[in-house]
Amino acid sequence: MIKVAPSILSADFGKMADAVQNVKIWGADWVHCDVMDGVYVPNITFGMPMVKALRKYTDLPLDVHLMITKPERYVGQFCDAGADLVTFHPEASEDVRGALNEIKAKGVKCGLVVNADQPFSVAEPYLGEIDLLLIMTVQAGFGGQSFKADCLEKVRRGAELKAANGWTYDIEIDGGVSPSNIADCKAAGATVVVAGSSVFKAADPTAAVKAMQI
Ligand code: DX5
Ligand code: ZN
């Protein structure tokens, strides 16, 4: 069954503790935390103190998506703050393998993100070393954008290589995911989906989560 990771980017930033508690009440699987630095992406969200604060309010896995330049500077601190999974964009890093190894050494799951404007090849050399492959179906930076179905080709490639090599990484899709495209996400090979607006802005978030756990 597909796991659903609501993105707190779409929550009320004044009520973040309530947001992570609601994610559990709604029956979702992970809490997706979008960290943006205003450099790798134009937007700025929050950093390690927010992850550390939210850790106290949920026992669900905290899935931390770093949209930051030189993530190797901060991955260890996000692990110490309580992240269960840390992903970053390889083209933003000068030491991809070093950052992956640092996350693993902290006992945290590591992953790489393929942004919508990036080729699959940015992640390919590291596929045997990761726990999570995140494929973006929007350009990273903002919630509420529409789903780019052409990016599913990269999900299929990730699923093919996973099967061919006996790898076990989760494949997560992020950007514009909703009950209307969840079947396409699953068919392409996704095992986890991020859902910001389609959960937090839903009239019935519990129903929205359930509709994507297919
Ligand atoms: C975009 C973020 C996404 C975003 C998803 O840069 O990485 O996680 O919050 O939001 P929706 O589901 O609204 O596209
Ligand atoms: Zn994200």
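Structure values in brief
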read-out	value
Which listed residue, of Ala83, Ala116, Ala99, is in a loop (DSSP other than H, G, I, E, B) and buried (at least 24 other Cβ atoms within 10 Å of the Cβ)	Ala83
Cβ-Cβ under 8 Å pairs, at least 6 apart or on other chains, the range 153-180 side closer than 16 Å to Ile130 by Cα, far side within 16 Å of ligand 1 (Cβ to nearest atom) and open to solvent by 20 Å² or more (accessible area, probe 1.4 Å)	Asp170/Lys3
Scope the range 30-55; condition in contact (Cβ under 8 Å) with a residue 60 or more places away in the chain, open to solvent by less than 40 Å² (accessible area, probe 1.4 Å) and farther than 15 Å from Leu66 by Cβ; matching residues	Trp30
Evaluation of Ala19 against (1) open to solvent by less than 20 Å² (accessible area, probe 1.4 Å); (2) aliphatic (A, V, I, L, M); (3) under 17 Å from Leu134 (Cα atoms) (one fails), failing number	(3)
Residue list for the range 125-151, restricted to those being part of a helix (DSSP H, G or I) and either open to solvent by 10 Å² or more (accessible area, probe 1.4 Å) or farther than 19 Å from Tyr169 by Cβ (or both)	Pro125, Tyr126, Gly128, Glu129, Ala149, Asp150
Residues located in the range 168-190, provided they are open to solvent by 80 Å² or more (accessible area, probe 1.4 Å), part of a loop (DSSP other than H, G, I, E, B) and closer than 21 Å to Asp63 by Cα	Thr168
The range 64-85 residues that are at positive phi, paired with ones that are open to solvent by 10 Å² or more (accessible area, probe 1.4 Å) and modelled with pLDDT of 95 or more (beta carbon under 8 Å, 6 or more apart)	Lys70/Ala92; Lys70/Ser93; Lys70/Glu94; Gly82/Lys52; Gly82/Arg55
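The values are calculated or read from the model by the stated rules, or taken from the named source; none is laboratory data. Quick caveat: nothing in here was measured; it's all calculated off a predicted structure. Here Cβ is always computed from backbone atoms with ideal geometry, including for glycine, and neighbour counts include all displayed protein chains. Calculation scope for accessible area: heavy atoms of the full protein, side chains included, ligands and nucleic acids excluded. Shrake-Rupley method; radii C 1.70, N 1.55, O 1.52, S 1.80 Å.
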